[in-house]
Structure formats: C-alpha cells, structure tokens
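Here the structure is laid out as structure tokens; the discussion comes afterwards.
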Amino acid sequence: NDHAGEETNGGIVVTSRKEGRNMSDEKQSNSGPGTAVDAKPSTWGSFESVESLLRKMAPEFSRILPKHLPVDRLLRMALTAVRETPELLKCTQASFASALMEAARLGLEPDGVLGHAYLIPYKTEATFLIGYRGLMVLADRSGKISALYASVVHENDEFRVIQGTDERIEHVPCIKDD
C-alpha cells in the first residue's frame, strides 16, 4: 500500500514508498522530520526500548498489515522474538524495524513457531528470513498454485522431473541401511 508522508519514530523515519526512500538510505541525523538513523546506528539497550519503539510504530504497521494479521499480534511476536533471541537487542533499531516491516508487508508471522518467518540477528543487523512454510503460505495466497507439498530430502534420494502433458516431479527416497 502506497501512502504519502513520513513519520519519525524513536530516531527512525518511516517513509512512504512513493517517496522512494528507505530507512537505511539516510546517512545523517538531524532533529525533526526527515531524520533517519544517527550517523552511529542506534541499538536498543533494553527490552523496554524495543517495546516503546514498537508502540510508536504500531500505526505504520497497521497501515500495511493484511486483515488476517492484527497489529497487536505482530507486535507480541516481535517482543517474543526479542525475549527468545536477546542478540536482537544488539541489532540496530533501523534494521529491526525494517525486518519487522517486511514481515508485516508480506503478512507473515515472525514467530518461529509456525515457521513462516524469522527475525535473525547478524552482528548488528536484524534480518528478515522467510521459512519454507512462509513460502508455501505466500504461494497459496497467490491463488495460482493447485497443489504444494513439502517433504524431507535426504542424501542419495532420487528425483525425476517428468515434462509434457502430465508434468510432475517424482521423489524416490533412498532406503539403504548404512
């Protein structure tokens, strides 16, 4: 959803897609609107500061979330992710907000339980990672998939790709005792 304007939240500017700017595009920090992340990226310091920023960003999340995912649920999942992975507190606020914004935009739950998506810390950057179940959800939502299956693949399993009028992929598990 495109929307105009920008909003400053806890040192982070959330801008519209129409303006074509990204939180990580800004290099300098000034006070007021148009301010992105400080020249030295800001990290959290505490769980309470994560909670505070998420509360301030809730209106922005609610504007882009699909109807099936309420903003309160997304924010609870984000806080749970921080509790379960304290290394996320070492990530920049901008990277965390960006990763969560991507989850919101796709309507995927970054909870680790359903396996749709994950918030992964890499040094000081929080990264949004879609799980295979999230890929399946997105494919199903497209309405262009008639069937979708996932199964475990082991070394030495055999695959056959059949093309033509009866296209399919055959997976034959290797059943050998080692």
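All conditions but one from (1) within 14 Å of the chain's Cα centre (by Cα); (2) on the phi > 0 side of the Ramachandran plot; (3) open to solvent by 50 Å² or more (accessible area, probe 1.4 Å) apply to G112; the one that does not is (3). Being open to solvent by less than 10 Å² (accessible area, probe 1.4 Å) and free of Cβ contacts under 8 Å to residues at least 24 places away in the same chain is a property that G107 lacks.
Looking across T80, T92, one residue alone is among the polar types (S, T, N, Q) and under 19 Å from G131 (Cβ atoms). It is T80. Annotation: of all residues in the range 45-102 being touching a strand residue (DSSP E or B) at 6+ places or on another chain (Cβ under 9 Å) and not in a helix (DSSP H, G or I), the one that is surrounded by the fewest Cβ atoms within 10 Å (Cβ to Cβ) is T85.
Each residue in the range 61-73 was checked for being in contact (Cβ under 8 Å) with a residue 40 or more places away in the chain and within 15 Å of the chain's Cα centre (by Cα), and 5 of them qualify.
When the range 128-151 is filtered for residues that are open to solvent by 80 Å² or more (accessible area, probe 1.4 Å) and under 22 Å from A81 (Cα atoms), the ones remaining, listed by number, are L129, Y132, R133, L135. Would you check if L119 is in contact with a strand residue (DSSP E or B) (Cβ under 6 Å, 6 or more places away or on another chain) and open to solvent by 50 Å² or more (accessible area, probe 1.4 Å)? Here the answer is no, as L119 does not meet what is asked.
Conditions first: (1) open to solvent by 100 Å² or more (accessible area, probe 1.4 Å); (2) touching a residue at least 24 places away in the same chain (Cβ under 8 Å). Q163 passes all but one, so which condition is the exception? Unmet for Q163, out of (1) open to solvent by 100 Å² or more (accessible area, probe 1.4 Å); (2) touching a residue at least 24 places away in the same chain (Cβ under 8 Å): (2).
The values are calculated or read from the model by the stated rules, or taken from the named source; none is laboratory data. Keep in mind that this is a model prediction, so the values were computed, not measured. With ideal geometry, Cβ positions are generated from the backbone for all residues, glycine too; neighbour counts draw on all protein chains shown. Surface accessibility is based on the protein's heavy atoms, side chains included, excluding ligands, DNA and RNA. Shrake-Rupley method; radii C 1.70, N 1.55, O 1.52, S 1.80 Å.
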